Amino acid sequence: MRRDRPTGHPQAEHRMVGKLSGLLATTALAAALTLAAASLAAPGIARADDAPADAKPPADAKPYVVQNGRVDHHVFNGYRRYGDNCLRCHGPDGAGSSYAPALVDSLKHMTKEQFEDTVINGRQDVNTANQNVMPAFGLNPDVVENLDEIYGYLKARSDGVLGRGRPKKIGDDDDN
Amino acid sequence: MKPSKRLFAWAVLMSSAAGILGAGAAFANDQLEKMSQDPKQWVIPGGDYNSQRHTKLTQITTENAHKLHPVWTFSTGVLRGHEGGPLVVGDMMYVHTPFPNKVFALDLNNEGRIVWAYEPKQDPNVIPVMCCDTVNRGVAYGEGMIFLHQADTTLVALDAKTGKVAWSVKDDDPAKGATGTSAPLVVKDKVLVGVSGGEFGVQGHMTAYNIKDGSVAWRAYSEGPDDQLLFDPDKTMAMGKPVGKDSSLKTWEGDQWKIGGGATWGWISYDPKLNLVYYGSGNPSTWNPSQRPGDNKWSMTVFARDADTGMAKWVYQMTPHDEWDYDGINEMILADTKVHGKETKALVHFDRNGFAYVLDRTNGALLEANKFDPAVNWATKVDLSTGRPEVVAQYSTDHNGADHNTKGVCPAALGSKDEQPASFSPQTGLFYVPTNHVCMDYEPYKVTYTAGQPYVGATLSMFPPKGESHLGNFIAYDVNEGKIVWSDHETFSVWSGALTTATGVAFYGTLDGDLKAVDAKTGKLLYKFKTPSGIIGNVNAFEHNGKEYIAVLSGVGGWAGIGMAAGLTGDTDGLGAVGAYKSLSSYTQLGGVLTVFSVE
């Protein structure tokens, strides 16, 4: 339990709930989402990252900070949370697997809103040829609370500014 | 021998608590055991109760293996990873598929005509709860029925002649992350089945159902209080001593054992004389070791249990407090063979953690634990007096702590060998082992448990050992000397179950799709054929109308399909752009096909 992190980041939670409300307004969402929002508002949820909630970047800004192939802590956290919840299907580094699409390709045409909607609500493509099911992660705090950062990481990969493997952090001299 | 064995079975039945079992049940054990000794059939997933995957058929030899060729094929119509292999019972072959878990009964007398097909209706929401593709490792046969363990954990008994459902039970709850991937095993009047879900925080268990009606005969958990473990604190042994009270509870913080993993998704073996079943348990949940202090017993453990009652006779934990996801579920091969020159009733287990364990299967005494891939570096050795591995601090993800990237650990999480079962040849006395030759960087971090959501807590990248470019080996291993005899390099992990023949041929499949026959003495390639897709299935043998056949499912996927489809990332230490990193998808594509070979 060393390096355990503090729980409860009211500001960050407020940010996420705001985002979820926005989605509610624009898409017909399942009850799961409402539950997710409710659970986020509940106190005492274990926080996944210790990143402070930064001020929002301008609308046309990239959703990630990558400098010379090195990343800030948001993108790095996105990399790790991707590894936790997404990698087993979507493959290492968003490169796809034998049964789930390469997200580095998907994010070339998918909007951020579509991405969020898919992650939170899941998606099914089950027919005679395919049995592809993306689960709903709306109840998973490790995903929902880190969704911006997971997206930022994958978008950086998709935009070609970040290579494969574990990203190096800006300002880190060693490779840990 | 036979009448006395039958008498013994009767005695057990009469004294069993259930006491409702009919005469047919007593015969079932004898019948299946006898059938498994008939090399013309393949009635148990592992070939026989010993899981030796060895055929006594003699038509295919080292001399004529070059004449092997495909004689018929069968498409399953399913795309995902095809693990396991077909059963052959009499004139029928039974072929299974990954989700949606179809079963086909093929008439070998009628050019493989489909006699019946079964496809369960399952909620597709189970698909993403499956850790690593929607694999299934095959069906079991017993007492005129085919037993299928579906993805949604339903165990269904089908009439082997008609496919009609006799009964069906739900083993666990996919909404909590429990799924079904393993092949059941029929033992006497029971059918045993394990559960998957170590990446979702299940409490792993092995369950025996009564063949008669699907009622539960016993259930044994991998972690928890003694009554859930089916442990007798005074009689259940570990390393020669009674385990004592609360042997599992004492090794977990609070009630973490309730989401402690220890899934039982591998293979099951059975020794009829000792009346013991053997299987292993998987990783403790989560993959972040800092989050679950203690030895996390009895994850990563070999279990020997009484087949009638489920009570544990002995246990041995291979990887206490796992820090690398080295599930202990690989097959337990029962072999009466020489160990250090002494004839031994051995249990031989090639573990994910890279050590080949040899135990006395009568009492669980640890006789030998040597590396079966020289790349293994996370531990220097296993102390045979304590049974514990001597972990190297540099590669200890617990020692280095959460949020630290522990680099260059060999093997990778998929192990020096995964579920793909090895073969034992009584003829050569050697074990033939399909292996992975892959290392990893592993970074654990804190995760939150949510029922039905991934509970992993580590990210990792995989690559070949330093300075090497091949990702797999097919090896011959000698437990008498505790060493590798020969090793054939493969471009990718060898993820196919092996087969040996009494005529000195060893078979396996490759991820890029080749079915290969090699000389069991030397490893020299005798024959290969590129099947329609990568092979993660097991090679089986049977005879029909006087002709010997070799059968294997191709259909790439599984965990191999995750790491390899995208290709592996190179380490930064100048590994270079060698062929091994080229994506597997440039070699092969999806699709399940059974290919059957013969030499005539």
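The values are calculated or read from the model by the stated rules, or taken from the named source; none is laboratory data. Keep in mind the model is a prediction, meaning the values are calculated, not measured. Cβ coordinates were reconstructed from backbone atoms using ideal geometry, including for glycine residues, and neighbour counts include every protein chain displayed. Ligands, DNA and RNA are excluded from the accessible area calculation, which covers all protein heavy atoms including side chains. Shrake-Rupley method; radii C 1.70, N 1.55, O 1.52, S 1.80 Å.
Confirm whether B:Thr501 is under 26 Å from B:Gly90 (Cα atoms) and modelled with pLDDT of 95 or more. It is true that B:Thr501 is under 26 Å from B:Gly90 (Cα atoms) and modelled with pLDDT of 95 or more.
If only residues of the range B:406-434 that are over 28 Å from B:Lys338 (Cβ atoms) and open to solvent by less than 10 Å² (accessible area, probe 1.4 Å) are counted, the one that is farthest from the chain's Cα centre (by Cα) is B:Thr406. Scanning the range B:38-82 for residues being away from chain A (no Cβ under 14 Å) and part of a strand (DSSP E or B) gives a total of 9.
Residue count for the range B:296-345 satisfying the condition of being of a type in the set (D, E, K, R) and over 23 Å from B:Cys131 (Cβ atoms): 9. Looking only at residues in the range B:456-489 that are free of Cβ contacts under 8 Å to residues at least 60 places away in the same chain and open to solvent by less than 10 Å² (accessible area, probe 1.4 Å), the one that is nearest to B:Ala560 (Cα to Cα) is B:Gly472. Scanning the range B:262-314 for residues that are at positive phi and of a type outside the set (Gly, Ala, Ser) yields B:Asn275, B:Asn296, B:Met300.
When you scan the range B:119-159 for strands (runs of 3 or more DSSP E) that lie fully inside it, which ones turn up with 3 or more residues that are surrounded by fewer than 24 Cβ atoms within 10 Å (Cβ to Cβ)? Where strands (runs of 3 or more DSSP E) fall fully within the range B:119-159 and carry at least 3 residues being surrounded by fewer than 24 Cβ atoms within 10 Å (Cβ to Cβ), they are B:154-159. Is the range B:83-105 home to any residue that is within 27 Å of A:Cys86 (Cα to Cα) and away from every other protein chain (no Cβ under 14 Å)? Checked the range B:83-105: at least one residue is within 27 Å of A:Cys86 (Cα to Cα) and away from every other protein chain (no Cβ under 14 Å). In the range B:441-482, of all residues being at positive phi and in contact with a strand residue (DSSP E or B) (Cβ under 9 Å, 6 or more places away or on another chain), the one that is nearest to the other protein chains (Cβ to nearest Cβ) corresponds to B:Gly457. Contact annotation: no residue pair with Cβ atoms under 9 Å, 6 or more positions apart or on different chains, pairs a residue in the range B:231-246 that is modelled with pLDDT under 95 with a partner that is exposed (fewer than 12 other Cβ atoms within 10 Å of the Cβ). Note on the range A:67-116: among residues that are away from every other protein chain (no Cβ under 14 Å) and at pLDDT below 95, the one that is most open to solvent (accessible area, probe 1.4 Å) is A:Asn68. With respect to the conditions (1) under 23 Å from B:Gly513 (Cβ atoms); (2) under 22 Å from the mean Cα position of the chain (by Cα), B:Pro70 falls short on a single one, namely (2). If only residues of the range B:435-451 that are open to solvent by less than 20 Å² (accessible area, probe 1.4 Å) and in contact with a Lys or Arg (Cβ under 8 Å, 6 or more places away or on another chain) are counted, the one that is farthest from B:Leu471 (Cα to Cα) is B:Tyr445. Among the residues making up the range A:117-128, those that are more than 7 Å from chain B (Cβ to nearest Cβ) and not in a helix (DSSP H, G or I) are A:Gly122, A:Arg123, A:Asp125, A:Asn127, A:Thr128.
Taking strands (runs of 3 or more DSSP E) as the structural unit, no element lying wholly within the range B:408-449 holds at least 3 residues that are of a type in the set (Asp, Glu). Of all residue pairs spaced 6 or more apart or on separate chains, those with beta-carbon atoms under 6 Å, a first member in the range A:129-141 that is more than 7 Å from chain B (Cβ to nearest Cβ) and a second member that is in a loop (DSSP other than H, G, I, E, B) are A:Ala136/A:Gly122.
Residues that are open to solvent by 50 Å² or more (accessible area, probe 1.4 Å) and of a type in the set (Phe, Trp, Tyr) within the range B:57-85 comprise just one, B:Trp72.
Among the residues of the range B:510-558, those that are assigned to a loop (DSSP other than H, G, I, E, B), among the hydroxyl-bearing types (Ser, Thr, Tyr) and either closer than 19 Å to B:Leu414 by Cβ or touching a residue at least 40 places away in the same chain (Cβ under 8 Å) (or both) comprise B:Thr510, B:Thr531, B:Ser533. Return yes or no: is B:Thr97 of a type in the set (S, T, N, Q), buried (at least 23 other Cβ atoms within 10 Å of the Cβ) and out of contact with any strand residue (DSSP E or B) (no Cβ under 7 Å at 6 or more places or on another chain)? Yes.
Residue-by-condition table, conditions (1) closer than 23 Å to B:His470 by Cβ; (2) open to solvent by 10 Å² or more (accessible area, probe 1.4 Å):
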residue	(1), (2)
B:Ser496	yes, no
B:Leu499	yes, no
B:Phe507	yes, no
B:Lys516	yes, yes
B:Ala520	yes, no
B:Ile536	yes, no
B:Ala551	no, no
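Could you go through the range A:143-163 and let me know if any residue there is crowded, with 23+ Cβ neighbours inside 10 Å, touching a Ser or Thr at 6+ places or on another chain (Cβ under 8 Å) and within 11 Å of another protein chain (Cβ to nearest Cβ). Among the residues of the range A:143-163, not one is crowded, with 23+ Cβ neighbours inside 10 Å, touching a Ser or Thr at 6+ places or on another chain (Cβ under 8 Å) and within 11 Å of another protein chain (Cβ to nearest Cβ), which makes the answer no.
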